[in-house]
Amino acid sequence: MARMKQASAGAAKAKRLEIADWVNAGLDLLARGGVESVRIDELARVLGVTKGSFYWHFEDRAHLLRSMLEQWRRQATLAVIERVESSGTPTQRLRELMDLPVRASGAKRGKNLELAIRLWANHDADAAAAIEEIDQHRLVYVAAQLRASAVPEARVGARAFLLYAFVLAESFVSPGAATHVVSNSALKRLGDELIESEASL
């Protein structure tokens, strides 16, 4: 708090910036260059304010990083689930989830951010906890949609895992490399096999 009081030079500009501005700028840096690139001086430069302005909203860099993880939780999972919930049936929701890595607006940033956080999680307990929570949340949601699609209970868990792994792989594997070994139509058939119940195949 003492540092915040010392930030009077940047207070006027800081009041015009919201916490979300700093967090989103931090996520952009993270997506482009990894967690090491998220530095207070660089954020201040990008946002056009003084470093002192940073302390108007955050105690320190660790506080910012925790806020970034929380924002990523909301954007990458809760907001995505809320979006696909508007689809008509559980099967349609799963198909929309499978389309997100390649068709959603901001897919490239989302992919880079996901990878950056997973790399960050290799040496940071907070990031690792966020990844574990998000993976579990996503898997539980996918399993619930499969169950609602009449996939036999004995197969729900394995299919949820395979479907989730499929979506992640599609995000990270180069499309150009993939086309040398598998066609888009073959990938779509595989996705259908994971989503549909035996009765509908």
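Quick note: the coordinates plus some simple rules give every number you see, no bench work behind them. Treat the numbers as computed from the prediction; the structure is a model and nothing was measured. No Cβ is skipped: glycine too gets one built from the backbone with ideal geometry, and neighbour counts run over all protein chains shown.
Data for the structure
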quantity: Taking the chain and dividing mean pair separation by its residue count, relative contact order in percent (alpha carbons under 8 Å, at least six apart); calculated: 21
quantity: Point-charge dipole on Cβ atoms (K/R +1, D/E -1) for the chain, about Cα centre, debye to 20; calculated: 660
quantity: Acute angle (nearest 10 degrees) that the helix 90-103 long axis makes with the longest principal axis of the chain, alpha-carbon atoms; calculated: 50
quantity: Distance-filtered residues of the range 121-135 - backbone nitrogen under 19 Å, label point 7 angstrom along VAL46 Cα→Cβ; calculated: 121, 127
quantity: Debye intensity ratio I(q)/I(0), log10, the range 48-117, q values 0.19 Å⁻¹ (C-alpha model); calculated: -0.84
quantity: Helix-only mean residue ellipticity at 222 nm for the chain, each DSSP H run of n ≥ 4 adding -39500 (n - 2.57), per residue, nearest 500; calculated: -22500 deg cm²/dmol
quantity: Square roots of 5 times each gyration tensor eigenvalue, C-alpha, the range 61-201, largest first, Å; calculated: 27, 18, 14
